[in-house]
Every structure is written in C-alpha cells, then in structure tokens.
1. Counting only residues that are in contact with a helix residue (DSSP H, G or I) (Cβ under 9 Å, 6 or more places away or on another chain) and under 21 Å from Gly202 (Cα atoms), give me the helices (runs of 4 or more DSSP H) lying completely in segment 1-81 with at least 3 of them.
2. Mind checking whether some residue in segment 32-43 is surrounded by 13 or more Cβ atoms within 10 Å (Cβ to Cβ), within 12 Å of the ligand (Cβ to nearest atom) and under 18 Å from Ala226 (Cβ atoms)?
3. Is it fair to say Asn35 is under 15 Å from Asp172 (Cβ atoms), polar (S, T, N, Q) and touching a residue at least 12 places away in the same chain (Cβ under 8 Å)?
4. Could you tell me how many of the residues in segment 214-245 are of a type in the set (A, V, I, L, M) and within 11 Å of the ligand (Cβ to nearest atom)?
5. Looking only at segment 120-128, decide whether some residue is within 14 Å of the ligand (Cβ to nearest atom) and of a type outside the set (Ser, Thr, Tyr).
6. Taking Val53 and the conditions (1) of a type outside the set (S, T, N, Q); (2) free of Cβ contacts under 8 Å to residues at least 40 places away in the same chain; (3) over 18 Å from Val107 (Cβ atoms); (4) within 14 Å of the ligand (Cβ to nearest atom), which numbered condition does it fall short on, given that it satisfies the others?
Amino acid sequence: MIIPRLSNLITNNKALFLAYDQGLEHGPTDFNLRNVDPEYILDIALEGKYDGVILGHGVAEKYYHGPYKDVPLIIKLNGKSSLTNISPFSTQICSVKRAVQLGAKAVGFVIYDGSEQEPKMFEQFGKIVEEAHDLGIPVIAWMYPRGRSIPNELSTETLAYSARIGLELGADIVKIKYNDDVEGYKWVVKSAGRTKLVVAGGSKRSNPEFLKMVQEVMLTGATGIAVGRNIWQSEKPIALSKALREIVHNGKSAKDVMHYLE
Ligand code: FBP
C-alpha cells in the first residue's frame, strides 16, 4: 500500500476546503444567478487560496481546467438528490479511477451511519478506500449520522461515534458537522485518532457568527473546515475567505480578522 498523499491538501495539520456539491444534494435552491455558475466558485477557490475544492465528477469534467488546476481537486464519489424520500442512502456515481483521470488529489464519500442502508455504504466505502490507497489517494468521509435510529444527529456521543467509524473504516479525513459544544467536540476530534477532522460549514450564518464558529472549531483540535454556502452565498466571498484562512492557518481570532469584512 502507498501512503496517501495528504500533503497536497493539508499544511501544518491545517486545511481549508471549499465545498460545491450542493447542486446535486440540494438542487439549485441554494444558488443565485452568480453562484449557480461553477466558474464563480472556482474563481473564489483560486483567489481565496483554498487547499481543495470539492466537486462532483460532472462539474469537474466541464469546469476544472486551466488555472483552476492550481487548486487541488477533491471529487465526491457518491451522491443523492433531495427529491427522493427513501431512508438515507447515497450511492457511488463515480469511480476512483475516473476521479484520478479528472485530476483529483483526493476522493470523498458520504456515509449516513445509523441509516438502514449503512451496510451498503460501508461496503462501497471499503472498496473505495482500497482502490484509492493503492494509488496513494487520500479518502475523505463525510460522516453524517442519519436515519430513524439516530434521535439526535448532533449529540456529542453520536458525532464521536461517527468520527471513530471514519477511523475504523480507513478514512484519512472525516468531515463532520459541528454542534456548537467546544468542550464536547474535543472528544469528537480525539475519537477520530490519526484521522484528520474537518468541520462542515452548514447553512448560512452571519459573518461574525460564522467566524466565531470557525475560531471555536480550531480550539477543539480540528484540522480545519470544509465550507460551502457560508462562503459562496456571502456578498464578500473573497474577503471572508481571507479572514477564514487567517483563523484556520494562522491561529487568529474572529475579532482579529473582522477588519477584512469592513
Ligand atoms: P455547506 O458548508 O454548504 O453546509 O456544505 C457542506 C456539505 O457537507 C456539502 O458538502 C453537502 O452538499 C452538504 O453539506 C450536505 O448537507 P446535508 O446532507 O445536511 O443537506
């Protein structure tokens, strides 16, 4: 097995990723006339110096070209639309091989742990980890506990279990939601062991609220954040990205970086 090349994505144990798979997951309801265009997002990723941009293979094929290749590409290999009403399940829609051909430096996969369909996602994920690691490609697991047996998706114990599942299943990075409990979340990060943890951004918060959240997240020992809507739904995505980068990579506080947004 070749050691997955995390250095393409993580510097000094810190990482900042821009997520843009919501067109499949939520549909254009998240978008406006600007951010519906993948080039708008890729411009933010480039200018905002993101450590990775998360796309589906369809968007990558048509838009990840030219200067955008300076931003490491992460292809999410499974997905679902929000049009279905089945128990939480996301099926594989792209292979590791195809993702690598498109230029991916890492691949992603969502697991709804606790769902009735958990075994199928574990099985698909297991194969992906093997294929990706044979090529030295890191695997990021979106660990989203979901389904009838999960009464509270954001409880610290549930999130810690999800983080641990990521480690046990071979993920190099887990992407997990934040529950606004700084002390509790340290246990979530610990439970992931040597698997790095990045926090998912969530729906749009005000700039001060969002930056405070990121500051808190970094205090828990997390490696960083993989954010979408909070950036590309912002009126000032580049200024906000600069502020975010200062917090994640340079240990600044939310207060220290507010001047970027004035
Ligand atoms: P946001 O920062 O916009 O929340 O994106 C993070 C993310 O994990 C995306 O990668 C994904 O499309 C979305 O959240 C899925 O969220 P959910 O399954 O909760 O609707």
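The values are calculated or read from the model by the stated rules, or taken from the named source; none is laboratory data. Please read all numbers here as calculations on a predicted model, not as lab measurements. Cβ: placed from backbone, ideal geometry, glycine included. Neighbour counts: every protein chain shown.
1. Those helices (runs of 4 or more DSSP H) span 22-25, 38-47.
2. Within segment 32-43 (the criterion being surrounded by 13 or more Cβ atoms within 10 Å (Cβ to Cβ), within 12 Å of the ligand (Cβ to nearest atom) and under 18 Å from Ala226 (Cβ atoms)), the answer is yes, since at least one residue qualifies.
3. Details: under 15 Å from Asp172 (Cβ atoms): no; polar (S, T, N, Q): yes; touching a residue at least 12 places away in the same chain (Cβ under 8 Å): yes.
In short, no.
4. Residues meeting the conditions: 4.
5. Initially, segment 120-128 is screened for residues within 14 Å of the ligand (Cβ to nearest atom), giving 121.
Cutting the leftovers down to of a type outside the set (Ser, Thr, Tyr) gives us 121.
The answer is yes; a qualifying residue exists.
6. If we test Val53 against (1) of a type outside the set (S, T, N, Q); (2) free of Cβ contacts under 8 Å to residues at least 40 places away in the same chain; (3) over 18 Å from Val107 (Cβ atoms); (4) within 14 Å of the ligand (Cβ to nearest atom), just (3) comes out false.
A quick yes/no check of all residues on (1) more than 19 Å from Leu197 (Cβ to Cβ); (2) of a type outside the set (A, V, I, L, M):
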site	(1), (2)
Asn8	no, yes
Asn12	no, yes
Gln22	yes, yes
Pro28	yes, yes
Phe31	yes, yes
Ala60	yes, no
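Listed here are the residues, each with its yes/no results for (1) touching a helix residue (DSSP H, G or I) at 6+ places or on another chain (Cβ under 8 Å); (2) among the basic types (Lys, Arg); (3) free of Cβ contacts under 8 Å to residues at least 40 places away in the same chain.
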| site | (1), (2), (3) |
| --- | --- |
| Cys94 | yes, no, yes |
| Gly103 | yes, no, no |
| Phe125 | no, no, no |
| His133 | no, no, no |
| Arg146 | no, yes, no |
| Glu157 | no, no, yes |
